[in-house]
1. Go through ILE107, ILE68 for me and flag whichever is within 29 Å of ALA181 (Cα to Cα) and near the ligand (Cβ under 9 Å from one of its atoms).
2. Can you tell me which of ALA95, ALA11, ALA40, ALA76 is small (Gly, Ala, Ser), more than 10 Å from the ligand (Cβ to nearest atom) and closer than 22 Å to PRO157 by Cβ?
3. Regarding the range 108-122, can at least one residue be identified that is of a type in the set (Lys, Arg), touching a strand residue (DSSP E or B) at 6+ places or on another chain (Cβ under 7 Å), at pLDDT 95 or above and surrounded by fewer than 20 Cβ atoms within 10 Å (Cβ to Cβ)?
4. For the range 133-148, name all the residues that are of a type outside the set (Lys, Arg) and within 21 Å of ALA17 (Cα to Cα).
5. I'm checking my understanding of the structure. Among residues of the range 143-187 that are more than 16 Å from the ligand (Cβ to nearest atom) and assigned to a loop (DSSP other than H, G, I, E, B), which one is least open to solvent (accessible area, probe 1.4 Å)?
6. Enumerate the pairs (first residue in the range 15-37 and in contact (Cβ under 8 Å) with a residue 24 or more places away in the chain and among the aliphatic types (A, V, I, L, M); second residue anywhere and open to solvent by 30 Å² or more (accessible area, probe 1.4 Å) and not in a helix (DSSP H, G or I)) with beta-carbon separation below 8 Å, excluding pairs fewer than 6 apart on the same chain, so at least 6 apart or on different chains.
7. Would you confirm whether or not the range 28-41 contains a residue that is assigned to a loop (DSSP other than H, G, I, E, B), out of contact with any Pro (no Cβ under 6 Å at 6 or more places or on another chain) and either surrounded by fewer than 18 Cβ atoms within 10 Å (Cβ to Cβ) or not polar (S, T, N, Q) (or both)?
8. When both residues are 6+ apart or on different chains and their Cβ atoms are under 8 Å apart, which pairs have a first residue that lies in the range 77-102 and is over 18 Å from ILE19 (Cα atoms), and a second that is assigned to a loop (DSSP other than H, G, I, E, B) and within 13 Å of the ligand (Cβ to nearest atom)?
Amino acid sequence: MHVIFFGPPGAGKGTQAKIIEERYGLKQLSTGDMLRAERASGSDLGNRVSALMDAGALVPDEVVIEMIANHIDSDACKKGAIFDGFPRTVAQAEALDEMLAQRGKKIDMVLELKVDDSEIIKRIEKRAAEEGRTDDNIEALKNRLAAYRDYASKVLPYYKSRPVRFDTVDGQQSVADVTKALTSLLDGQKGGNGQKAQHNGGPQ
Ligand code: AMP
């Protein structure tokens, strides 16, 4: 199963992806985590994207598309993947669809986590104190929220116009309740879709 977790910074995508990864054996593929790892390693790529990340701007499509392409065939992704923070542009979404189609696979579900801006600001302030991410400051956060609104207004309609299951979950609930909502949707999809082995043409 291939699932996209979509939502603003601080919506809980990473937290939930890690829980779902364990429970379902799906691999969390977070382009944000991959980029932070590149940066921490001091690679050329990491240095190139560092300023964009600090400013809360998107890095070039080719960079993140290649990162996903480098992981999609790994053993860890055998049962499927949770895309966390990817795709953020229609070009990325198209590249992902193509990448999966070439492998006889597809996106099975898009799950949007909805959280109010005021709650996001509270959460990011807390994360800044705990983790010290260099893009978790108010200026960068404003940019990331603006970037989110912009790309959500393009990427969400892309998926809504495709034959893919789309659901929205209230991300303001407790972590446990969000997990419950997500697992019930995922279980419904697994059962309702007759498990694996079919490519497309499922309902909606
Ligand atoms: P995240 O941890 O997902 O919030 O990502 C942190 C930062 O990494 C973002 O603010 C962007 O600068 C960059 N980034 C992560 N994923 C993507 C993506 N799919 N497309 C472009 N930039 C990304």
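1. Working: ILE107 fails: near the ligand (Cβ under 9 Å from one of its atoms).
It is ILE68.
2. ALA95
3. Yes: one or more hits.
4. Hits for the range 133-148 are ASP135, ASP136, LEU145, TYR148.
5. Residue satisfying both the conditions and the ranking: VAL164.
6. Close Cβ pairs satisfying both conditions: LEU26/MET1; LEU26/LYS79.
7. no
8. So the pair list comes out as ARG88/LEU58; THR89/LEU58; GLN92/PHE86; ALA93/PRO87; ALA95/PRO87; LEU96/PHE86; LEU96/PRO87.
The values are calculated or read from the model by the stated rules, or taken from the named source; none is laboratory data. Just so we're clear, the structure is a prediction, and the values are computed from it rather than from any experiment. Heads up, the Cβs are rebuilt from the backbone with ideal geometry, glycines too, and the neighbour counts pull from every protein chain shown. Ligands, DNA and RNA are excluded from the accessible area calculation, which covers all protein heavy atoms including side chains. Shrake-Rupley method; radii C 1.70, N 1.55, O 1.52, S 1.80 Å.
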